[in-house]
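See structure below.
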Amino acid sequence: MNILAGRGAVSMQNIADELGVSKVTVSKAINGKEGVSGPLRQKILQTAADHGYVLPDYGQRKARTIAIIMSERFHSGDSGRFYMGMYEHINRELRMRAYSSVMITPNPETLEHDAETIEKPGMFDGLIFLGILDKEVRERIDRIPLPKVYVDLYDVGYRSDSVVTESIYSAYEITKHLIRSGHREIGFVGTLGVTTSINDRYLGYMRALMEKGLKEQERWRIPDRDQAGRAVDLQLPQELPEAFMCNCDETAFRLVRELKRRGLSVPEDVSVVGFDDDIYAGLCEPQLTTVAVDMKEIGRTAVKCMVRRMERTGTENSEGEVCRIPGKLIFRDSVRERKGRMKSEK
């Protein structure tokens, strides 16, 4: 029974009564203090978030402000929906702790001004990097001595925490799904070396092929972006494989469109799978079989890491942790079962 239903403002005591724990336990969980187990802390935080609880400020502590650093190209349009959705989950978790946040979208032209703003004493308490950034921007802001958390990308120096989707095993599983469906010729769409997530998804794809003794054909490895991360036209060979594993849903969407332009049907002629389960998975015709990214858990984990970083002394000298959040396979209509599917693979 939900005893909070129909209430107005929700208090710590309300949450404690709902979950059958003490108010002290609720306070420790919400304030990021020690003494509460991981599963119970998550349950308390989730209950608080579900009922709109906001941590009160009794004037005894300075309100903390977090700068969320994101590329301006992810700020609008369909390509920005994925990161804006992730931003909303992070922002919700921050608000629940009565932290404020400011989105900053630096580019090479505004970089010095933005960096000066971030560096002003007392302006920000921590930085969350969200998604891929221009190299120049990332390197400049990375030098600012504030606690940092990287979301959907790695801190390559392992000085700060990174929160990413578990890509290798998820890509391995979705490629295995293509193999179980009878596909033996499987290409990969994604530019290697641009992001660690593309590299990880390629490794998962390769692992699935190697386990079945299948060889990757280089002509079926299709770049989808330039080294700055901007989309490029997909250059497909004349001879196509039976299926493609794409590093993200936007790329899969563009691939399906290109295949249709050639007069081919998906999945009748070529099966296609993506990754992210973002807006493109639903816009695509047919809708994409893909891996769903758990944005809610990514947001929760990112803020948890930030709280820990801000409360830890010697933050900049401590080794970072990579938190990998599992994805979930979503089966839709972009894969067909081919003749020759083995019973042992069902």
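The values are calculated or read from the model by the stated rules, or taken from the named source; none is laboratory data. Bear in mind that the values here come from a model prediction, so they are computed numbers and not experimental data. When we count neighbours, we look across all protein chains shown, and the Cβ atoms used for this are built from the backbone with ideal geometry, even at glycine. Note: accessible area is taken over every heavy atom of the protein model, side chains too, but ligands, DNA and RNA are not part of it. Shrake-Rupley method; radii C 1.70, N 1.55, O 1.52, S 1.80 Å.
Give the Cα extents of the chain along the principal axes, in whole Å, largest first.
68, 54, 34 Å, listed from the longest principal axis down.
With loop defined by DSSP as not H, G, I, E or B, and exposure as at most 10 other Cβ atoms within 10 Å, which is the longest segment of the chain clear of exposed GluC sites (Glu not before Pro)?
Formally, the longest exposed-site-free interval is 110-238.
Could you tally the net charge around Gly38, taking each other residue with its Cβ under 12 Å from the Cβ of Gly38, Lys/Arg +1 and Asp/Glu -1?
Charge balance near Gly38 sits at +3.
Calculate the tail of P(r) for the stretch 137-255: the fraction of all Cα-Cα distances greater than 18 Å, expressed in %.
More than 18 Å apart: 55 percent of the Cα pairs in the stretch 137-255.
How big is the charge dipole of the stretch 62-141 about its Cα centre, in debye rounded to the nearest 20, if each Lys and Arg gets +1 on its Cβ and each Asp and Glu gets -1 on its Cβ?
480
Go ahead and set up a Gaussian network model of the chain, Cα springs under 10 Å, then flag whichever of Thr165, Thr251, Thr110 fluctuates most.
Thr110
Over the chain, average the accessible area per residue using a 1.4 Å probe and give it in Å², no decimals.
Value returned for the chain: 47 Å² of accessible area per residue.
Relative contact order for the stretch 189-346 using alpha-carbon pairs under 8 Å, separation at least 6, rounded to a whole percent?
Averaging sequence separation for qualifying contacts and normalising by length gives 19 percent for the stretch 189-346.
Which one of Phe129, Ala292, Ile15 is farthest out on the positive end of the charge dipole of the chain, using unit charges on Cβ (Lys, Arg +1; Asp, Glu -1) and the Cα centre as origin?
Ile15
Which of Asp125, Asp224, Asp50 moves most in a GNM of the chain, Cα contacts under 10 Å?
Largest GNM mean-square fluctuation: Asp50.
Please report the spacing between the Cα centers of the stretch 74-150 and the stretch 228-282 in Å, no decimals.
That distance is 31 Å.
Given a 1.4 Å probe and the protein chains all in place, what does the accessible area of His113 round to, in Å² to the nearest 10?
For His113, solvent-accessible area is about 120 Å².
If contacts are Cα pairs under 8 angstrom and at least 6 residues apart, what is the relative contact order of the chain in percent?
Normalised by residue count, the contact order of the chain is 17 percent.
Angle, helix 38-50 long axis vs. longest principal axis of the chain, Cα atoms, 0 to 90°, nearest 10?
So the inclination is approximately 80 degrees.
Based on DSSP loop calls and a cut-off of at most 13 other Cβ atoms within 10 Å, the longest stretch of the chain free of exposed chymotrypsin sites (Phe, Trp or Tyr not before Pro) is what?
159-330
Using a basic spin-label model with each label point 7 Å from the Cα along Cα→Cβ, how many nm lie between Leu283 and Ser37?
According to this spin-label approximation, the distance is 4.5 nm.
Can you tell me which of Met306, Met295, Met210 moves the most in a GNM of the chain? Springs connect C-alpha atoms under 10 Å apart.
Met210
Where does helix 249-261 land angle-wise versus the long Cα axis of the chain, in degrees 0 to 90, nearest 10?
Taking the Cα atoms of the chain, the angle to 249-261 is about 30 degrees.
Going through the cross-link list Lys43/Lys176; Lys176/Lys304; Lys135/Lys260; Lys23/Lys304; Lys33/Lys120; Lys148/Lys296, which pairs have a Cα-Cα distance over 26 Å in this structure?
Lys43/Lys176; Lys176/Lys304; Lys135/Lys260; Lys33/Lys120
Give me the number: length gained by fully extending Glu297 to Ser11, i.e. 0.36 nm times residue separation minus the C-alpha to C-alpha distance, one decimal in nm.
100.6 nm
Note down the magnitude of the dipole of the stretch 251-300 about its Cα centre, charges +1 on Lys and Arg C-beta and -1 on Asp and Glu C-beta and zero elsewhere, to the nearest 20 debye.
Dipole magnitude for the stretch 251-300 comes out near 220 debye.
With +1 on each Lys and Arg Cβ and -1 on each Asp and Glu Cβ, how big is the dipole of the chain about its Cα centre, in debye rounded to the nearest 20?
1000
How large is the helix-only mean residue ellipticity at 222 nm for the chain, computed as the sum of -39500 (n - 2.57) over DSSP H runs with n ≥ 4, divided by its residue count, in deg cm²/dmol to the nearest 500?
Using -39500 (n - 2.57) per qualifying helix, the result is -11500 deg cm²/dmol.
Roughly speaking, to the nearest percent, how much of the chain's 1.4 Å accessible area is carbon and sulfur?
Ligands and nucleic acids excluded, carbon and sulfur give 49 percent.
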